[in-house]
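The values are calculated or read from the model by the stated rules, or taken from the named source; none is laboratory data. Predicted model, so just to flag it, every value in this text is computed and none were measured. Neighbour counts are summed over all protein chains in view; Cβ atoms, including those assigned to glycine, are modelled from backbone coordinates with ideal geometry.
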């Protein structure tokens, strides 16, 4: 049986009140949704709250899922993305993409982003795969605008294809590619600048 | 981006093909494929264009940085919390494993019950908003105690024995009754009531002769009041302790008690 058929069957059983089927759905998707929320929100507490909210919304609207309109994972990603956008608007307000030398906010002592990252005291000669480096990349990811961040998270961390991302984000595929390019380039410039300054 | 015209390809076209080209570099099967001719044109533009060359390098580097991030493992209680918040059913898998015939030790069952109850509670309480609320409650409570004059060292010296508590209770009661009786307003109201009561009752044959010396009554307060405050002010026979049995002719001692009951 194909994956889509298995998921469709699980959804039908869960809508019919089968707790085991619902648990199976949660078991299959909670890790992925948590990762998306963690990379977008930046911390574990918020990611847990958001993941829980995603599943609560999913549980309430499960009967509205139509397998003919798209994959279940895309539907789940759309719910996740909408909640992330709501969360972002509530917590921080809309934020434009920060350039490297722009002053992010008045509360951060007028430091450029590259200096903020450098101030975290991460060793510059650490291996690419080291934990410190990953933390630095994760921190730099939070500095991207939400539009660019969600695009690169779905593409590079969740391995979704451009069509699925376009469906989830409700934007044309060309826009998705453009955002991914800009997001990757912005992140690289931010990290390269940091390395140069620290070294 | 500037739309610089280069031989074979323009910058806008280069940017449109950028993701496909990078995915091709990574041998991504899902990515769109570039034909060899377009790839050659793309590479030529990348080498020649002062804008698109660095852009390609940045995008590629950014992708590699992002791919270095590993998937994080969600907390163990997250699945449990989601199930409780949605279906309300903790887990259907645990009973299924028990049906296999394995008996679960009592300690393990106890630990499971403990975890199922306290893990979500602990996770709930550890949230920053609740920590902030608890902090506010603590500060409010300590501020209120400070204003009320309660000091922690006084609390430490507090005697909580039953007899001490009873004694403290009696002391407090005595203070309250004394305070109440000594309020001028209460006293005046009681006097008026007594006068009204006396005025409404029929006249008695005559005032009984006072047993005590009127000179002693220097307070100027009504007798009724004194009777209440100085009760049992009459001769009371007190029998001395009998020694030698009932048959002995023990002398009866007459004593006058003048004890004040509050």
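Some values worked out for this structure:
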{"read-out": "Helices (runs of 4 or more DSSP H) wholly inside the range A:41-143 that include at least 1 residues being at pLDDT 90 or above", "value": "A:44-61, A:72-91, A:131-141"}
{"read-out": "Test for residue A:191: is it in a helix (DSSP H, G or I), out of contact with any strand residue (DSSP E or B) (no Cβ under 9 Å at 6 or more places or on another chain) and over 29 Å from residue A:71 (Cβ atoms)", "value": "yes"}
{"read-out": "Of the criteria (1) modelled with pLDDT of 80 or more; (2) assigned to a loop (DSSP other than H, G, I, E, B), which one residue B:198 fails", "value": "(2)"}
{"read-out": "Residue match in the range A:44-63 (condition: closer than 30 Å to residue A:145 by Cβ, more than 10 Å from every other protein chain (Cβ to nearest Cβ) and surrounded by fewer than 15 Cβ atoms within 10 Å (Cβ to Cβ))", "value": "yes"}
{"read-out": "Residue A:155 more than 21 Å from residue A:86 (Cβ to Cβ) and under 14 Å from the mean Cα position of the chain (by Cα)", "value": "yes"}
{"read-out": "Residue that is nearest to the other protein chains (Cβ to nearest Cβ) [pool: residues in the range A:152-169 that are without any contact (Cβ under 8 Å) to a residue 60 or more places away in the chain and outside any helix (DSSP H, G or I)]", "value": "A:161"}
{"read-out": "Test: residue in the range B:116-128 that is at pLDDT 75 or above and within 30 Å of residue A:194 (Cβ to Cβ)", "value": "yes"}
{"read-out": "Condition check for residue B:85: at pLDDT 75 or above, closer than 17 Å to residue A:26 by Cβ, within 14 Å of chain A (Cβ to nearest Cβ) and exposed (fewer than 15 other Cβ atoms within 10 Å of the Cβ)", "value": "yes"}
{"read-out": "Failed criterion for residue A:179 (all others in (1) free of Cβ contacts under 8 Å to residues at least 12 places away in the same chain; (2) buried (at least 22 other Cβ atoms within 10 Å of the Cβ) hold)", "value": "(1)"}
{"read-out": "Filter result for the condition that a residue is facing chain B (nearest Cβ under 10 Å) and exposed (fewer than 15 other Cβ atoms within 10 Å of the Cβ), over A:27, A:5", "value": "A:27"}
{"read-out": "Those residues of the range B:11-23 which are over 60 Å from the mean Cα position of the chain (by Cα) and surrounded by fewer than 18 Cβ atoms within 10 Å (Cβ to Cβ), in sequence order", "value": "B:12, B:13"}
